[in-house]
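The values are calculated or read from the model by the stated rules, or taken from the named source; none is laboratory data. Keep in mind the model is a prediction, meaning the values are calculated, not measured. Cβ placement follows ideal geometry from the backbone for every residue including glycine, while neighbour counts extend to all protein chains displayed.
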Amino acid sequence: MKERRKQGWFEFARAVGTILAALLLGFIITLFVSKEPIAAYRAFLLGPLTRTNRFGNWIEESITLTLVGLAICLVFRARQFSLAAEGQLYLGALVSGLVGLYFQMPALLHVSLAVIAAALVGFLWGLIPGLLKAYLDANEIVSTLMLNAIAIRIYNLILTYRLKPPEAGYTVSRYFHPTALLPRIVPETRITTAIFWAIAAVFVVYFLMYRTPFGYALRMTGANIRFAYYGGINTKRVIYLTMAISGIFAALAGAHLSMGIHQRVILNVSMGLGFEGIVVSLLARNNPLLIPVTALFYGYLRAGADIMERSSDVTRELVMVIQAVIILLVTAEGFLAFLQRQMRIRRGAELAEGKEAGDVI
Amino acid sequence: GAPKATPTPEKKALKVVLLINGVLGDKSFFDSAQRGIDRAVKELGIQAKTIEAGTDPARWEAALEDAAATEDYDILICGTWQMNDYLGKVAPKYPDKKFFIFDTSVDYSKGNLGNVYSVLYKQNEGSYLAGVYAAMMTQKPLPGMNDKKVIGVIGGMDIPVINDFIVGYKQGARDVDPETQVIVQYSGGWNDPAKGKEITLAMYEQGADIVFNVAGGTGMGIFEAAEEQNRYAIGVDSDQAIIVKDTDPQQAERILTSMLKNVDNSLFRALKLHLEGKLVYGQAEYLGIAEGGVGLAKNEYYEKYTPTDVKARVEQAEKDILEGKIKVDTAF
Amino acid sequence: MSSLIEMRQISKLYPNGVLANDRVDFSVERGEIHALVGENGAGKTTLMKILYGMEAPTEGEIWLRGQRVHIRSPIDAIRRGIGMVHQNFMLIPSFTVAQNIVLGREPLDRGLVNYTEALRITEQLSKEYGLKVEADATIDSIPVGMRQRVEILKALHWGAEILILDEPTAVLTPQETRELFTAIRKLTERGKTVIFITHKLREVKEISDRVTVMRNGRVMGTLKTAEASETQIARMMVGREVFMVVDKPPVQRGGVVLQVRDLTHIAETGHVRLRNISFNVYAGEILGVAGVEGNGQTELVEVLAGLRPATFGTAMVDGQSLLNHTPRKVRELGVSHIPEDRLTYGVALDANVAENTVVDRYYRPPFTRNGFLSVGFIMEFGNGLIRQFSIMAPDASVPVRALSGGNMQKVVVAREFSSQPRLLIAAQPTRGIDVGATEFVHQQLIQKRSEGCAILLVSADLNEVMSLSDRIVVMYNGAIVGVFPDAQKVTEEELGAYMLGLKKQDPAEMEAYL
Amino acid sequence: MSFDVVLRSILSAAFVGSVIRVATPILLPALGGLISELAGVTNVALEGLMLIAALVGVVISAFTGNAWLGCLIGVACSAVVAILLAYFHLNLKADIILSGLAINIASSGGTIFILYLLTKDKGSSSKLASLSLPRIAIPVLDGMPVLGPMLSRHNVLTYVAVLLVFLIWVFLYRTRLGIHIRAVGENAEAAGSVGINVRRTRYIALMLSGVMAGLGGINMSMGYLNMFQRDMTAGRGFIALAAVHLGNRRPLGVALASLFFGFADALSNQLGSLAIPPQWVQMIPYAATVLALVVYALQGRAAAVERARRLQERLQAHVEATGGE
Ligand SMILES: Nc1ncnc2c1ncn2[C@@H]1O[C@H](COP(=O)(O)OP(=O)(O)OP(=O)(O)O)[C@@H](O)[C@H]1O
Ligand SMILES: Nc1ncnc2c1ncn2[C@@H]1O[C@H](COP(=O)(O)OP(=O)(O)OP(=O)(O)O)[C@@H](O)[C@H]1O
Ligand SMILES: [Mg+2]
Ligand SMILES: [Mg+2]
């Protein structure tokens, strides 16, 4: 026990160390390409905190990332390599929009209805590849990549031919009825009540995974599907339900974008957030409780990068490179592993005391 | 990122920030705007900085607010319809600053936008000319032209501003010869030249021999197809034959003309007027053929390949539009 | 003249803090057969993995042929003439037997791998050492016993001078074991050296020249086998007296629990695996299934456990059909099942011990209370089983991957025994577990029997079948060829004759004893 | 455009040519993805690797005036980046998916950054007089009426791709290294236990996938097109990944999957000129693929059911023969 806590602390120290090292490397790159590296990097590191609306962007982004991250974390834990989040996000944004545009009712009701509708469509859109995998053993990478492309076309189709008002000079819908907008809770930002869903979602997913029989079935299916089946778990059901439930969270992210951020349905609502979700989830080692942390971290990275790119002479392309480098290093466990080796050797020494073998030191 | 930043010349120069809600390198729209600013830097000695807000719409509003609040500028320039609501919100907060918005207009009825100058382009008129041109050329006995009355146009996405080009193009073609068939396709993206090339080849296969590019970077594939098949293409926004001229002369040969949407000129002109104190804020300005906002590129290739009757017909069309004899439809 | 192998003061501390070897001294002479015995988790496999370069020791030195060596990888070991046959198979499922045997040094023909040559090599090896294999069958299509033989042939093909066999006989039938021993003797005659890990002391006596006994990661001593008695060795291993003869009260046979009639199963491949199997298992009795591995026992068990469809026939538990249900339904009918291959079905290596012990019941109270998993209780439950079945693991929160082979098996046994089954299907229940644990499992089986549970015991270990069963059926080529109403009255030879298909009772005769 | 015209051009020989053109830049990276997938590492960086090779090829060919050199160095670069990916995954224990995605981000940005440094242009290489690899007229075929336009005068890399399908099949199933790659992918511990260097093998597999992806990129910028354009791979790397699995992780299957996708895509290019909303047409390739996936799976099932039925009969016969014993 004590041993494992020690390990935990070490892990934490390692993470912090790695991040610092990664940031340092990022700075070194900046040194080479910027005339004003200090200023540029300050913008990167502190930018998101310097103005309310920047702070807002960071949080808004992190909300989206958290929700998508949770979606990914669910499927990955069941060892399903489903990339469906992107498409589900689009449909979530679309459907919440349809409700927001075509219905009229008291605020609370309206928002809830829109959110539920989004969640439902996300669920169903996840069900498709889920059933294909479970009953036809159709590879989920293929089906989800394709379904994403399809979802986006459906989105564009409806947006272009149904939602776009004639007077609009661009392919966007009207603004939703105010009753269907998420209330903004921090002035001068677009931080909305969605932040509460995000927080709630984290605990929901955690509970689902670790505190419900379904979650147990999900994790066992991920760990060894043969064992799960032998033990009486209906693994097919686990597979399609997991992929469907994951869809709910991706769709919520979509709803957040259209009801909270844009307040209407727009083209290209997501430029690959599905993949950002994978980054967030994997950084958190698919642990739901860590996802908001990594989402905030990654969100900060992106917001900061954006600000550096806008306010300094570092071009956005270069910022992308720096971002990538940081991701690479942060995930590299072996990086800084020499620390670990040090620790090993120290523990090796403790052997001398000749504790009863087999028991834990 | 701001590659452009000139050393401050003698007395305090006009400071301009160009905010691009996308990325540079589209070979047409935004690049053209950048060209205008560059020219102003050279010729008017202004100071300029460009901000690329990237392709993710979620970040544009923030980028604008940020720039307006934190940048050091006299005039802030942005473009496209997506930005005008945002600008409508931001501009009133900075009454002592000036704002341009191009290719769209803010909603002046709100009345608090006295510091904003909007400029729009009648791409439908320019495209009308392109349509007239294509419809006539397709019947000429040029090498690579067939006798079919079929022409093509490729749009990047099915969105109003693009459709505005296409509407005008079609109308122009029909006015020349009602039997002209116009093949319309959308590539569904701005950065897939391979797709652009494949679609163009398909159009050629279907009898078209001249294809109009309204698809940004994807359009570069159209020119490749034209070069490969010895067919023809029409460029857009900038004079695209000139862009490839030095590196790929054969390709330039296939780009008979380009429908110019002179964002560069319009911005340069506006900045010039501003410095002369002649620019009228608080209103939108429409630049059509008359104002040189749009038109066909009459470069060496145009001159080389265009038969006189076609030239005449085009000039006629220009005149008719100016005199309002021809009313060109719009997709807006 | 120094020994061939000397491992000096080897200690191994696994990252998770388990001290698997504690200053172990171990030496082997050239040409000897050296048995290595010890309880589950004593550190035998770890020690051998270190010798084979799969694990680096935390401390200690390895001396080979009088020289200090650093064996950093299996390649190192192989180059030095050390070969190892692992307790957990090291085979590529989709490759054929031949491909697996030549893997790593495939015969070439103009730069390309020559499969026909590989087949030839395999057949030749197999003949030479008398170990039967289907050279061109893929691994996932052959029974466990044959996989083991493939492993051995593979090591031999590597021309190992020193051959480490980690519990090779665990999955072999008596016949196969005898064949293996002949092979091993052949080897030593040719000057090769064999290190032989086993839990069966009879085998130690039969084959080895010397035996080293380990306990709790330490070496308790090395003896000349000739001078040591089984009980003596057992005592050294466990540190107490072990009773290797099972004494079981006379059977109190109740009503029929499992009734199987004309059960037939055809595999995907089209092979008929079960032919019109019929038998009963009564409450309070143990029905033993004897047979050479690969004669349908595996399929019989898996069909009954709901892991394979039955092509036709019937099987009832307490009058309710068992066939073609999901494993969940089958278990809810009161059937529990110890699978023969623990790594495929028995455990989820990366899940912790507690989670592994509730897979069949997690959804029921008290494991799930009003919709929520009672995690605390499950952990308690896991720890309970660890104590009750003396599983060697720090606590129930460690991943099963960190357990020794035998302790993994104990986890499975603990789970299946603790679910109050009406019918217990036990396939190779003591495969790879030590004498102490075996004794324990046997007692548990008897215990369950006395509680009126019906037990179907399938084991490759003939003695186990004979000493535990009340009745015995013999399977040959997918059919039951003999029924013996009184296990006490049948001899090993007689069973053997049936197992090899030499003798066969006529159906009518068998009917009588169902 | 009227339907009959479209139909005619779909039935034309040129259409087959178009299918092949569209399929090639998917097939090449897919073959790469296949190799690494079989080695047990999913390479999601194909997209980025293609981009890198595409740019480098263009740049080098423009500056040296030698297309082949461009191709060589371009492929080399993507191979090197693939090795870098391998290093992060295999030595630094970084998650393969995550590092793959990171490589994609870096390539998308890095290529433009370099392009800008060299040409002050962020969009395309139109300021570079880059070369492309030759097209090849197949002696006999070329003359033929129908087959000529279909199969001849494709870019050399198209034929290379076809060749590679065969070569990679041989490589994976008939050479030591190939077999070791598959062994490592299926059971790394077992492979290690017979002295196969797992890490080294995976390095090689990833490097090879880099080479293939590189060829795919070169094919885009120096064959299919004669230019580099920001993000010009437009998701083909991921389509390739899909093709690997659609093709059941076998070389020939992957080839068929790529061809199928190429067909669907070419089809959409033709149908695009019909007067229907473009979004529908753009859906075709993806919908078709899903459909293919389903049909394929259903067939598999039907086959299994059929087999079972035949067995039943066989057994009935057997039972009657042996008199129900
Ligand atoms: N793979 C291995 N197999 C056996 N013993 C090992 C292995 N790795 C390390 N050891 C043992 O662990 C101890 C420390 O190993 P280490 O390699 O540091 O010793 P070393 O003498 O410094 O090695 P070298 O001589 O190769 O530099 C040594 O006693 C060595 O015998
Ligand atoms: N990879 C590992 N990580 C952590 N602990 C391990 C690992 N492998 C084995 N152990 C622990 O080391 C101890 C010795 O394991 P080992 O496999 O050597 O036992 P063994 O003698 O082979 O037992 P068995 O007869 O059951 O195979 C056990 O307590 C086991 O839990
Ligand atoms: Mg014509
Ligand atoms: Mg062991």
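Worth pointing out:
- Selected residue [facing chain A (nearest Cβ under 9 Å), of a type in the set (S, T, N, Q) and either surrounded by fewer than 18 Cβ atoms within 10 Å (Cβ to Cβ) or outside any helix (DSSP H, G or I) (or both)] from C:S390, C:S397: C:S397
- Selection of helices (runs of 4 or more DSSP H) fully inside the stretch C:165-243 by the criterion of at least 1 residues being more than 30 Å from C:L13 (Cβ to Cβ) and of a type in the set (F, W, Y) returns C:174-189.
- Test set (1) in contact with a His (Cβ under 9 Å, 6 or more places away or on another chain); (2) within 14 Å of another protein chain (Cβ to nearest Cβ); (3) more than 10 Å from ligand 2 (Cβ to nearest atom); (4) closer than 26 Å to C:K200 by Cα - C:L51 fails condition number: (1)
- Selection status of C:T438, under 26 Å from C:G145 (Cα atoms) and loosely packed, with under 14 Cβ neighbours inside 10 Å: no
- Any hit, the stretch C:361-383, residues being within 16 Å of ligand 2 (Cβ to nearest atom) and crowded, with 24+ Cβ neighbours inside 10 Å: yes
- The number of residues in the stretch C:467-510 being hydrophobic (A, V, I, L, M, F, W, C) and either modelled with pLDDT of 90 or more or in a strand (DSSP E or B) (or both) comes to 10.
- All of C:N16, C:N21 fail the test of being within 10 Å of another protein chain (Cβ to nearest Cβ), within 13 Å of ligand 2 (Cβ to nearest atom), touching a helix residue (DSSP H, G or I) at 6+ places or on another chain (Cβ under 6 Å) and outside any strand (DSSP E or B), apart from C:N16.
- Taking the stretch A:27-145 as the region of interest, the helices (runs of 4 or more DSSP H) fully inside it that hold 2 or more residues being over 30 Å from A:V314 (Cα atoms) and in contact (Cβ under 8 Å) with a residue 24 or more places away in the chain are A:52-77, A:85-102, A:107-136.
- Residues in the stretch C:99-132 that are within 12 Å of chain D (Cβ to nearest Cβ) and aliphatic (A, V, I, L, M): C:I101, C:V102, C:L103, C:L108, C:L112, C:V113, C:A118.
- Cβ pairs under 7 Å, 6+ apart, first in the stretch C:30-46 and within 14 Å of chain A (Cβ to nearest Cβ) and of a type in the set (G, A, S), second within 16 Å of ligand 1 (Cβ to nearest atom) and part of a strand (DSSP E or B): C:G43/C:A20; C:G43/C:N21
- Qualifying residue in the stretch C:164-178 (condition: of a type in the set (S, T, Y), buried (at least 22 other Cβ atoms within 10 Å of the Cβ), under 16 Å from C:A35 (Cα atoms) and at pLDDT 90 or above): no
- Members of the stretch C:1-21 that are more than 16 Å from ligand 4 (Cβ to nearest atom) and not hydrophobic (A, V, I, L, M, F, W, C): C:S2, C:S3, C:E6, C:R8, C:Q9, C:S11, C:P15, C:N16, C:G17
- Filtered residues of the stretch D:143-188 (kept if within 12 Å of another protein chain (Cβ to nearest Cβ), over 22 Å from the mean Cα position of the chain (by Cα) and small (G, A, S)): D:A183, D:A188
- Residue in the stretch B:277-292 that is in contact with an Asp or Glu (Cβ under 9 Å, 6 or more places away or on another chain), surrounded by 20 or more Cβ atoms within 10 Å (Cβ to Cβ) and assigned to a helix (DSSP H, G or I) present: no
- Residues in the stretch D:100-133 that are of a type outside the set (S, T, Y) and under 30 Å from D:E37 (Cα atoms): D:G100, D:L101, D:A102, D:I103, D:N104, D:I105, D:A106, D:G109, D:G110, D:I112, D:L133.
- Test result for C:E59, more than 30 Å from C:L131 (Cα to Cα), more than 16 Å from ligand 4 (Cβ to nearest atom) and not assigned by TED's automatic domain parsing to the domain that holds C:F389: yes
- Residue that is nearest to the other protein chains (Cβ to nearest Cβ), among those in the stretch B:42-76 that are touching a strand residue (DSSP E or B) at 6+ places or on another chain (Cβ under 9 Å) and surrounded by fewer than 19 Cβ atoms within 10 Å (Cβ to Cβ): B:E71
- Among residues that are modelled with pLDDT under 90, of a type in the set (K, R), in contact with a helix residue (DSSP H, G or I) (Cβ under 7 Å, 6 or more places away or on another chain) and surrounded by fewer than 19 Cβ atoms within 10 Å (Cβ to Cβ), B:K245 is included.
- Residues satisfying the stated conditions in the stretch C:333-346, i.e. facing chain A (nearest Cβ under 8 Å) and either in contact with a His (Cβ under 7 Å, 6 or more places away or on another chain) or in a helix (DSSP H, G or I) (or both): C:T344, C:Y345, C:G346
- Of all residues in the stretch C:83-97, those satisfying the criterion of being within 11 Å of chain D (Cβ to nearest Cβ) and more than 16 Å from ligand 4 (Cβ to nearest atom) are C:G83, C:L91, C:I92, C:P93, C:S94, C:F95.
- Residues (surrounded by fewer than 19 Cβ atoms within 10 Å (Cβ to Cβ) and either within 18 Å of A:A253 (Cα to Cα) or within 13 Å of chain B (Cβ to nearest Cβ) (or both)) located in the stretch A:164-186: A:P165, A:P166, A:E167, A:A168, A:Y170, A:R174, A:Y175, A:P183, A:R184, A:I185
- Each residue in the stretch A:211-231 was checked for being buried (at least 24 other Cβ atoms within 10 Å of the Cβ) and either of a type in the set (V, I, T) or in a loop (DSSP other than H, G, I, E, B) (or both), and 3 pass.
- Restricting the stretch B:207-238 to residues that are assigned to a loop (DSSP other than H, G, I, E, B) and closer than 22 Å to D:M232 by Cα, the residue that is modelled with the highest pLDDT: B:A215
- Scan of the stretch A:194-227 for residues that are at the interface with chain C (Cβ under 7 Å from one of its Cβ atoms) and of a type in the set (A, V, I, L, M, F, W, C), ordered by number: A:M220, A:A223, A:F227
- Exactly one residue out of C:V465, C:V481, C:V458, C:V474 is buried (at least 19 other Cβ atoms within 10 Å of the Cβ), more than 16 Å from ligand 4 (Cβ to nearest atom), without any contact (Cβ under 8 Å) to a residue 40 or more places away in the chain and assigned by TED's automatic domain parsing to the domain that holds C:V303: that is C:V481.
- Entry remark, the stretch C:44-89: residues being at pLDDT 90 or above, in a loop (DSSP other than H, G, I, E, B), surrounded by 17 or more Cβ atoms within 10 Å (Cβ to Cβ) and of a type in the set (A, V, I, L, M) number 1 in total.
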